[in-house]
Amino acid sequence: MSKTWYPVINYKTCKECGRCINKCTHGVYDIARMPKPIVIYGEGCIQGCHGCGNLCPSGAITYIGENTDWRPRARQNKSYDTECECEGEC
């Protein structure tokens, strides 16, 4: 658990698919607000975990405390910037 590492959601690009909320088992997100990802317990996030960010089809998740070469999926593959490529799963 970490006080210096937690997800930040870009609501302009978030598709509200709920994948991040379903992935996290540490209480970081407010389940009652699903599918909109609201971070309510950042300290529950595991230092260095990119689980929710790796699942985000729009690349809307970044992390406070990020100091690795990890990038949101949308920034790795520009086709994700405009279209969701989850094939209807979100």
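The values are calculated or read from the model by the stated rules, or taken from the named source; none is laboratory data. Note that the coordinates shown come from a computational prediction; the quantities given were computed from them, not determined experimentally. Reconstructed Cβ throughout: ideal geometry from the backbone, glycine too, with neighbour counts over all protein chains shown.
Key figures
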{"item": "Candidates 37, 72, filtered to the one that is without any contact (Cβ under 8 Å) to a residue 24 or more places away in the chain and under 10 Å from the mean Cα position of the chain (by Cα)", "result": "72"}
{"item": "Sole exception among (1) at pLDDT below 95; (2) assigned to a loop (DSSP other than H, G, I, E, B) for residue 79, by number", "result": "(2)"}
{"item": "Criterion: closer than 20 Å to residue 2 by Cα and in contact with an Asp or Glu (Cβ under 6 Å, 6 or more places away or on another chain) - qualifying residue of 21, 40, 64, 46", "result": "40"}
{"item": "Options 57, 7, 37; residue that is in a loop (DSSP other than H, G, I, E, B), crowded, with 17+ Cβ neighbours inside 10 Å and at pLDDT 95 or above", "result": "37"}
